[in-house]
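See below for the structure under consideration.
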Amino acid sequence: LGKSGRAMLEAMIQGENSSEALSELARGRLKSKKANLQRALHGLMGDHQRMMLAAQLRHIDYLDEEITRLDEEITRLDEEVQRRMAPFEEDLELIDTIPGVGRRTAEQILAEIGTDMDQFPSAAHLCSWAGLAPGNNESAGKRKSGKTRKGNQKLRTALVEAARAAARTKQTYLSAQHHRIAARRGSSRATIAVAHSILSMVYYMLKRRHPYIELGPTYYETRKKDAVVRQAIRKLESLGLEVMVHPVA
């Protein structure tokens, strides 16, 4: 309900019963709908209904005040977070260049892993610590379920949200990766795989101080094609053949 509706409800609480008088409280575009308003406002309202209506409006006003107070507190906390994260602005800007990773997610990632990547021997170690690496469950030569370990739950949650956002982007490597894996292994495993890729990217970006480079949606297919060509050439050369490869126009 807008200002017109609120004015009508308050008039009803004060004892106004005339639908014509209530419809005159309409504002803006509602003024052209007075006939419909009069039919809608025609009815009976007793003292009990007025009391309940007044209680409901008081409750709405209380909730509005609480929302305003919480908004002010959130703004204050945001300013405090920005002040504390100011020394890490360069690192945040690097991480923020990854598709699907927003400012808040970048702050969460940095808060959990820090800025010094030397504490992790490799990107694989970091992903394992975060609980994004497949488990190694083998018995009697048989591979069983390779579920990921729990790891750092806060970091894992932030990365999974970023992976889902990246999957919705257009014409990106991460989106293509998600759709490629989801077709074979399902959406959940694809999301974990993309989250693993994002954390690996963060590791190398912070270690090398280099922004994200978009490889494009066809990078995997192109790289796979080149590998197939090289493998075929090696096999033919092992048979004593000299191979000359030329692309078809």
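The numbers here are math on the coordinates, done by the rules we state, and not lab data. Fair warning: this is a prediction, and the values are worked out from it, not measured in the lab. A quick note on method: Cβ atoms are made from the backbone with ideal geometry, for glycine too, and the neighbour counts reach across all protein chains shown.
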> Restricting attention to region 18-28, and to residues there that are surrounded by 16 or more Cβ atoms within 10 Å (Cβ to Cβ) and among the polar types (S, T, N, Q), which single residue is nearest to residue 6 (Cα to Cα)?
Replying inline: 23
> For region 29-42, what are the residues that are within 16 Å of residue 6 (Cα to Cα) and loosely packed, with under 10 Cβ neighbours inside 10 Å?
Replying inline: 29
